[in-house]
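Student: What follows is a structure written as structure tokens; I'll ask about it next.
The values are calculated or read from the model by the stated rules, or taken from the named source; none is laboratory data. The model shown is predicted, which means the values in this text are computed figures rather than measured ones. Because the Cβ atoms are built from the backbone with ideal geometry, glycine has one as well, and the counts that use them run over all protein chains shown. Heavy atoms of the whole protein, side chains included, go into the accessibility calculation; ligands, DNA and RNA do not. Shrake-Rupley method; radii C 1.70, N 1.55, O 1.52, S 1.80 Å.
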Amino acid sequence: MAPTPNPRVIYKAVPKEYPIPGEHLVYESDSASIDLDNVDLHGGALVRTVYISLDPYLRGTLRDPSVQSYRAANPLGKPMKSRTISKVIRSEDPDFKSGDYVLSLSSDWSLHAVLTKANGLSKLQKPTNASLSTYAGVLGMPGLTAFLSLRAFGRLKAGETLFVSTAAGVVGSVVAQLAKLAGLKVIGSTGDDSKVEWLKEELKLDVAFNYKTTKVADVLREHGPIDIYYDNVGGETLDVAFQHINKFGRVILCGFASEYNKGDRPSYGIKNLSSQTISKTLSINGFVISDITDKEGLDAFEKEYRPLVEKGQIKYQETRYQGLEKTPEAFLAMFKGQNFGKTVVVVSDE
Ligand SMILES: NC(=O)c1ccc[n+]([C@@H]2O[C@H](COP(=O)([O-])OP(=O)(O)OC[C@H]3O[C@@H](n4cnc5c(N)ncnc54)[C@H](OP(=O)(O)O)[C@@H]3O)[C@@H](O)[C@H]2O)c1
């Protein structure tokens, strides 16, 4: 077969603030081609991308490569990369055969790709009562993040109160539901009234509010104090949480979405850190999920957590964008809070 176009999304320029479609991330329909019958597989597999997972941490890979971080910068002028779920077309690796679905931890935003185990390739089984795309969300890295970080740092006790920000996102909503299942009172914040409604009506949070229209301090004054703050946003919300947390409280630092697209504007300076941490004997834990993932944790995730999702006891939302060309737009929308739950791009049919 003659080479066919291989559409892709290229990382063209370092964004100062928000990543703008067509400027920083550019869809190209025919700048690359691939010979599906003859392309060299290097011992791996030729795949067709089905889902692209969009995650907030990817914003950190859009930086000047000279700036050090725990995760490598995406090279400029090259396709953007993230976790993907794909279907194998042909394979030289005995672990994968044509028709298998695979998860890659790092794959180009392109229609086709050649992947090897160096891309963190693993075979996927279709989950019970759920779409394959849940391996990007509630059954994937974000679900694992919520489950393992609560297990490592939460010390959940029935009757205590947990506050979680970005409560309608994948990580936040799983944290909220696991805490409810453990008998805690749960307060959740989000930036949209329809998400507030879902948190109250479907997830049965004790308190849910829109941080854009209601002050965090007012809610925590009325419904706190809290024992655990699960932080997905950083900034002022974190500062306020310190003031309303009980003695021996736990603060779990998972993300700082309020700072991701600030560019050269100064970070929010936390004022209550030292005074509150010392006087209240607080435990504060930041973490990167890969650093707290081990075999025991993965086994517990499969045994204790997966059935909760498959039986519908953990609920979730997903925002789907149809077509690879929508990826830059979907990526920006996630940072504007226009997604609801997991953001995935459907590149091709399962
Ligand atoms: N530490 C780790 O290893 C680890 C692993 C996975 C994820 N994380 C972090 O966990 C957090 C949630 O991840 P997720 O996958 O569940 O993503 P997500 O909920 O899809 O994240 C996007 C959401 O973040 C909120 N947001 C965006 N900009 C914001 C801003 N300026 N201020 C406040 N909120 C803002 C919006 O929700 P609202 O509409 O509610 O504002 C938006 O819908 C992220 O911060 C992520 O970086 C950390």
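Student: For the list (1) farther than 29 Å from Asp239 by Cβ; (2) more than 16 Å from the ligand (Cβ to nearest atom); (3) buried (at least 23 other Cβ atoms within 10 Å of the Cβ), I need the number of the one condition that Lys117 fails.
Tutor: (3)
Student: I'd like to know if the stretch 3-12 contains one or more residues that are outside any strand (DSSP E or B), open to solvent by 10 Å² or more (accessible area, probe 1.4 Å), over 18 Å from Thr116 (Cβ atoms) and of a type in the set (S, T, N, Q).
Tutor: Start the filter on the stretch 3-12 by keeping residues that are outside any strand (DSSP E or B), which leaves 3, 6-7, 12.
Narrowing further to those that are open to solvent by 10 Å² or more (accessible area, probe 1.4 Å): 3, 6-7, 12.
Retained after the next criterion (residues that are over 18 Å from Thr116 (Cβ atoms)): 3, 7, 12.
Within this subset, residues satisfying the condition of being of a type in the set (S, T, N, Q) are none.
No, because not a single residue in the stretch 3-12 is outside any strand (DSSP E or B), open to solvent by 10 Å² or more (accessible area, probe 1.4 Å), over 18 Å from Thr116 (Cβ atoms) and of a type in the set (S, T, N, Q).
Student: Follow-up. Taking strands (runs of 3 or more DSSP E) that fall entirely within the stretch 144-230, which contain at least 1 residues that are under 21 Å from Ile292 (Cα atoms)? Quick ask: steps written out before the conclusion?
Tutor: Details: elements: 161-164, 185-190, 207-210.
In the stretch 144-230, the matching strands (runs of 3 or more DSSP E) lie at 161-164.
Student: Can I ask one more? Just to be sure I understand the filter: pairs with C-beta atoms under 6 Å, separated by 6 or more residues or on different chains, first member in the stretch 49-60 and over 15 Å from Leu103 (Cα atoms), second member more than 9 Å from the ligand (Cβ to nearest atom) and open to solvent by less than 10 Å² (accessible area, probe 1.4 Å). Which pairs pass?
Tutor: Hits for this filter: Leu58/Ser82.
Student: If we scan the stretch 26-46, do we find a residue that is within 30 Å of Gly172 (Cβ to Cβ), in the same structural domain as Lys97 (by TED's automatic domain parsing), in contact with a Lys or Arg (Cβ under 6 Å, 6 or more places away or on another chain) and surrounded by 15 or more Cβ atoms within 10 Å (Cβ to Cβ)?
Tutor: no
Student: Do any helices (runs of 4 or more DSSP H) entirely within the stretch 234-350 hold 3 or more residues that are within 15 Å of the ligand (Cβ to nearest atom) and farther than 22 Å from Ala152 by Cβ, and if so, which?
Tutor: On the way: elements: 235-243, 273-279, 295-300, 306-310, 327-335.
So the answer is 235-243, 327-335.
Student: Any idea which of Val164, Val102, Val88 is buried (at least 19 other Cβ atoms within 10 Å of the Cβ) and within 16 Å of the ligand (Cβ to nearest atom)? Full working, then the answer.
Tutor: Details: Val102 fails: within 16 Å of the ligand (Cβ to nearest atom); Val88 fails: within 16 Å of the ligand (Cβ to nearest atom).
None of the others qualify; the one that does is Val164.
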